[in-house]
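The values are calculated or read from the model by the stated rules, or taken from the named source; none is laboratory data. Note that the coordinates shown come from a computational prediction; the quantities given were computed from them, not determined experimentally. As a convention, Cβ positions derive from the backbone with ideal geometry for all residues, glycine included, and neighbour counts pool all protein chains shown.
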Amino acid sequence: MTDTNKDYFINSYKKILAPSKNLCQKDFTFSGYSYGEVFELAAGLKNTLAKRGKDNILCLCTENKAVLAACILASLAGSCRLILPYAFSAHALSEMYEAVGFHYAIADHPEEMPAAVEIITPLAGKISDIDHAEIRNPDVPFLQLFTGGSTGKPKVWSKSPRNLFAEAFYLKEKFDLSAKDLFVSTVPPYHIYGLLFSVLVPFVAGAKVLSDIYTFPQEIISTTNKHKATVLVSVPIHYRSMKVDSLSAPSLKVAFSSSGVLNRSDAIHFQNKTGLGITEIYGSTETGGIAARNISEQTESWKPADVVSWKISGKRLSIKSPFISAEMKKDGEGFCVTGDEVQPDNDNRFILLGRADGIVKVAGKRVDLLDVQNKILTLPTVIDALVIALPADKGRESVIAAVVACKLDEHQLKKLMLEKLEPYAMPRRIKIVPSIARATTGKIDRGKIEQIFLS
């Protein structure tokens, strides 16, 4: 990042908690909360949490985009640190509670929350209660996110204001997003992609967002056209569902896709019907956005973001970026090794070859196969297990399969798995065996295991 870009970030960041009267009068969520009301909620949250002492941790279990924006503003004003869960289920929240502990939560479904956690109801305060001079240090982590872990516990990734807002400012400038834009999203805002693209980017652009989350194809299309939305935030599975003859979206100026590789035929159909090439964003929770590509470019390679430096370490992609979580290990030059293998292409681009660390995408969500395997190994009577990914019949995602040595039948095993795993991480194909053959080194012949499922 150049010194000029650093100055741009700092100057923009300092203005976040000092909204103009004109901005406060504008809608943030369409026919819902104004920007002023979002700041009032932030002030109310700051006051509420201040009465409960210092160093409070607030878990964000809500899909309300205005409330999420208010929580982030309250945190930037120094009131609390934040946790963004990977799911709202009782066992996911229990895992996170055990991993880091949190005192309070804003929850759409409070019944799923651990008993020791206090539910906070957002109430409005006075914007003047937010002192923009006390804005949080941009390089101190304020938000924690979770992904599956290889030890059976979720991995924790921290984000500083710079990690998130530098990316939001970059996207705003890169795609010329402004107060004239209206965002429609098919992804929930409590995942990092949804939070960034359907809350933070429109917020720093002074734009409007549609408050609901749209998932059915005709609903996405009709809502986009009814409100003349200009920005679509979606994922590959929803672009596949929109592969219909009635697809039309003349108001769109940019369509984003992330959380998995977009099927080329789906993208071509979308472009043929709308005249708009989908912009794919490549990255992860811990790295932030790394690169992008557009189907109109007619290439499989990715173009790194202007502020991202990259190199190849062995076969793996290594990056240096202002968006990276502090937990990622850096080499002497400040580069972090990702879990993806790549090969270089022309014009400072690269081609993704696949994962090297057992992470796969299922329904657009990241699943750690070793995490799934370790959780299965904790189940009653299970003496051994192996979890692998098989190619899906359609698209480029994966089907999770498991070979399990246990005394349970398949119905019993699945019932116990559901108590440990999120639905998207459940193995779809299961083989129960007396034992899993291993070499003297302890290694398993994965080729033979795959043949069990593919034959």
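Couple of notes before you dig in:
- Meets criteria (surrounded by 16 or more Cβ atoms within 10 Å (Cβ to Cβ), among the hydroxyl-bearing types (S, T, Y), assigned by TED's automatic domain parsing to the domain that holds Y190 and over 20 Å from the mean Cα position of the chain (by Cα)) for T62: no
- Residue count for the range 263-281 under the criterion of being closer than 26 Å to T29 by Cα and either at pLDDT below 95 or touching a Lys or Arg at 6+ places or on another chain (Cβ under 6 Å) (or both): the result is 1.
- Residue within the range 158-179 that is acidic (D, E) and farther than 18 Å from E327 by Cβ present: yes
- The residues of the range 28-77 that are part of a loop (DSSP other than H, G, I, E, B) and of a type in the set (S, T, N, Q), listed by number, are S31, N56, T62, N64.
- Close contacts from the range 334-352, counting a first residue that is over 12 Å from S313 (Cα atoms) and a second that is part of a strand (DSSP E or B) and hydroxyl-bearing (S, T, Y), with Cβ to Cβ under 9 Å and a gap of 6+ residues or different chains, come to G334/S309; L352/Y282.
- Flag if S158 is farther than 21 Å from L60 by Cα, among the small types (G, A, S) and surrounded by fewer than 21 Cβ atoms within 10 Å (Cβ to Cβ): no
- Residue tally, condition closer than 24 Å to A326 by Cα and either among the hydrophobic types (A, V, I, L, M, F, W, C) or without any contact (Cβ under 8 Å) to a residue 24 or more places away in the chain (or both), over the range 180-207: 8
- One residue alone among I130, I135, I120 is more than 24 Å from F165 (Cα to Cα), in contact (Cβ under 8 Å) with a residue 60 or more places away in the chain and β-branched (V, I, T), and that residue is I120.
- Selection of the range 7-39 for residues being touching a Leu at 6+ places or on another chain (Cβ under 9 Å) and closer than 27 Å to D139 by Cα yields Y13, I16, L17, Y35, G36, V38, F39.
- Qualifying residues in the range 326-336 (those that are surrounded by 13 or more Cβ atoms within 10 Å (Cβ to Cβ) and touching a Lys or Arg at 6+ places or on another chain (Cβ under 6 Å)) - the one farthest from K159 (Cα to Cα): F335
- Residue in the range 168-179 that is under 27 Å from K21 (Cβ atoms) and under 17 Å from the mean Cα position of the chain (by Cα) present: yes
Per-residue answers, yes or no, for (1) closer than 19 Å to P161 by Cβ; (2) free of Cβ contacts under 8 Å to residues at least 60 places away in the same chain; (3) of a type in the set (S, T, N, Q); (4) out of contact with any strand residue (DSSP E or B) (no Cβ under 7 Å at 6 or more places or on another chain):
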| residue | (1), (2), (3), (4) |
| --- | --- |
| D7 | yes, yes, no, yes |
| S12 | yes, no, yes, yes |
| K26 | no, no, no, no |
| F39 | yes, no, no, yes |
| T48 | no, no, yes, yes |
| D55 | yes, yes, no, yes |
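Yes/no matrix, rows are residues, columns are (1) of a type in the set (A, V, I, L, M, F, W, C); (2) within 26 Å of F169 (Cβ to Cβ); (3) buried (at least 22 other Cβ atoms within 10 Å of the Cβ); (4) at pLDDT 95 or above:
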position: P188; (1), (2), (3), (4): no, yes, no, no
position: A229; (1), (2), (3), (4): yes, yes, yes, yes
position: A255; (1), (2), (3), (4): yes, yes, yes, yes
position: V261; (1), (2), (3), (4): yes, no, no, no
